[in-house]
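The values are calculated or read from the model by the stated rules, or taken from the named source; none is laboratory data. For clarity, every value in this text was computed on a predicted model and none was experimentally measured. Please note: Cβ atoms are built from the backbone with ideal geometry, for glycine as well, and neighbour counts cover all protein chains shown. Accessible surface areas use protein heavy atoms only, side chains included; no ligands, DNA or RNA. Shrake-Rupley method; radii C 1.70, N 1.55, O 1.52, S 1.80 Å.
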Amino acid sequence: MTVASQVKQCVASLKNIEATLNSLAIRSEDKEASEVFRETCQTTRRVLTDLETRVKEMEFEEPQYKGF
Amino acid sequence: MPGWLEVILRSFVALVILFTLSRILIRKSVSQVTYFEFICGIVIGGILALGSINLQIPIAYPLMGLLIWVTIPHIIGWLAIKSEKLRNFVYGKGIPIIKDGKVLEDNLKKERYSSDELLKQLRHKNVFQVADVEFAVLETTGDISVLLKKDYQPLTPKDMNLQVAPIKEPETVIMDGKVLDEPLATIGKNRRWLEMELEKIGVAIENVYLGQVDSYGQLTVDLFDDKLKVPSPQELPLLLATIKKCQADLEAFALETDNQAAKNMYTNNAKEMDEVIEKVKPYLQQ
């Protein structure tokens with residue numbers, strides 16, 4: 001597996017994490033818990049955007065990795 | 001009126017009186033009642049019994065007796081709430097029998113409490129060695145309350161400096177195969193959601209004996225058919241595992257890449273994910 005596809009896989013996992021955290025933040029009855037989930041969800045989103053930019057850079061540098 | 005009929009009538013009235021009295025008087029179990037209240041209860045019972053069987057006594061007499069034996073203790077109880085002195089006088093006060101790890105023999109003697117009795121009561125509290133006790137009080141009900149020395153107390157998350165997630169009471173949403181709509185509404189879910197959750201774990205609602213939803217909205221069920229295995233909720237542990245994997249991946253990318261900017265970006269993000277793990281860990285580990 002190439003590095004680019006590994007990074008892409010990581011991006012997919014992060015998306016999954018972000019979505020689950022978001023749904024937990026909405027579902028949790030406890031305020032404190034909901035707050036923690038919301039915060040971590042935002043952090044994950046930041047990491048996600050960073051990685052997505054990196055994927056774009058990689059695809060620009062090495063176009064053969066474009067797509068899946 | 002024939003005697004037997006009168007007995008029936010009186011007994012019936014006595015029963016009704018007893019029923020109403022026991023409802024309005026106090027909400028304590030028999031073991032929590034003080035000596036004074038206990039004796040009052042016995043006397044009330046005696047009056048009712050005598051009044052219902054002994055036909056020579058005019059019906060007004062037991063009623064008058066009851067009036068006194070019910071109202072006076074009731075008033076005393078009410079006054080005792082207001083005044084601490086009266087409370088200590090009527091109901092007594094807890095007496096320390098072990099202090100600083102030493103048995104106070106004088107207090108034991110005063111209360112006619114033998115060493116055997118003390119050991120027996122300590123054993124009731126799962127204490128088999130007197131040396132483990134820091135402080136013990138003989139309560140007015142005759143029980144003893146025990147404070148163990150700190151090193152014999154059970155370990156709590158606080159002792160371990162562990163962070164734990166707050167917990168809310170679970171709601172019971174299925175009972176005997178029937179959906180309870182009210183608790184379901186309190187947690188903001190509906191029948192459609194419940195059907196979906198049941199479908200996820202693959203059981204029919206008729207087969208569910210008890211179903212509860214925890215504070216994270218996870219459904220746990222107990223089935224009538226005990227041979228069937230129900231998967232326990234996997235979402236939270238799975239999420240934690242995924243986050244950990246991503247964090248590890250990011251660290252690996254940081255090591256692999258030659259591009260300095262990308263290296264920094266990966267390292268920073270790995271750190272961020274590490275913080276995320278620390279934050280959500282107490283909530284996801286159950």
Do the conditions hold for B:A261, that is, is it open to solvent by 50 Å² or more (accessible area, probe 1.4 Å), among the aliphatic types (A, V, I, L, M) and over 21 Å from A:I26 (Cα atoms)?
-> yes
Can you pull out the residues in the stretch B:262-286 that are closer than 15 Å to A:L21 by Cβ and out of contact with any helix residue (DSSP H, G or I) (no Cβ under 6 Å at 6 or more places or on another chain)?
-> B:E275, B:E278, B:K281, B:P282
Could you count how many residues in the stretch A:27-45 are more than 20 Å from the chain's Cα centre (by Cα) and at the interface with chain B (Cβ under 7 Å from one of its Cβ atoms)?
-> 6
Given the conditions (1) within 8 Å of chain B (Cβ to nearest Cβ); (2) at pLDDT 85 or above, every one holds for A:S23 apart from (1)
Being of a type outside the set (A, V, I, L, M) and under 18 Å from B:V43 (Cβ atoms) is the filter here, so list the residues in the stretch B:11-26 that pass it.
-> B:F19, B:T20, B:S22
If you check every pair at least six apart or on different chains, which have Cβ atoms under 6 Å apart with a residue in the stretch B:79-105 that is at pLDDT below 85 first and a residue that is polar (S, T, N, Q) and open to solvent by less than 100 Å² (accessible area, probe 1.4 Å) second?
-> B:Y91/B:T34; B:Y91/B:T140; B:G92/B:T140
Can you find even one residue in the stretch A:19-42 that is in a helix (DSSP H, G or I), within 19 Å of B:A254 (Cβ to Cβ) and free of Cβ contacts under 8 Å to residues at least 12 places away in the same chain?
-> no
Scanning the stretch B:239-276 for residues that are more than 47 Å from the chain's Cα centre (by Cα) and more than 7 Å from every other protein chain (Cβ to nearest Cβ) gives B:A252, B:A254, B:L255, B:T257, B:D258, B:N259, B:Q260, B:A261, B:K263, B:N264, B:Y266, B:T267
Return the pairs, sorted by first residue and then second, in which the second residue is charged (D, E, K, R) and open to solvent by less than 90 Å² (accessible area, probe 1.4 Å), the first residue lies in the stretch B:35-62 and is in a helix (DSSP H, G or I), the beta carbons are less than 7 Å apart, and the residues are 6+ apart or on different chains.
-> B:G51/B:R10; B:S52/B:R10
Can you tell which of B:L238, B:L223, B:L198 is open to solvent by 70 Å² or more (accessible area, probe 1.4 Å) and either without any contact (Cβ under 8 Å) to a residue 24 or more places away in the chain or of a type in the set (F, W, Y) (or both)?
-> B:L238
Within the stretch B:94-131, how many residues turn out to be part of a helix (DSSP H, G or I) and open to solvent by 100 Å² or more (accessible area, probe 1.4 Å)?
-> 7
May I ask you to list the residues in the stretch B:274-286 that are farther than 13 Å from A:Q42 by Cβ and in a helix (DSSP H, G or I)?
-> B:D274, B:I277, B:E278, B:K281, B:P282, B:Y283, B:L284
Hey, does the stretch A:54-62 have a residue that's in a helix (DSSP H, G or I), within 7 Å of another protein chain (Cβ to nearest Cβ) and at pLDDT below 90?
-> yes
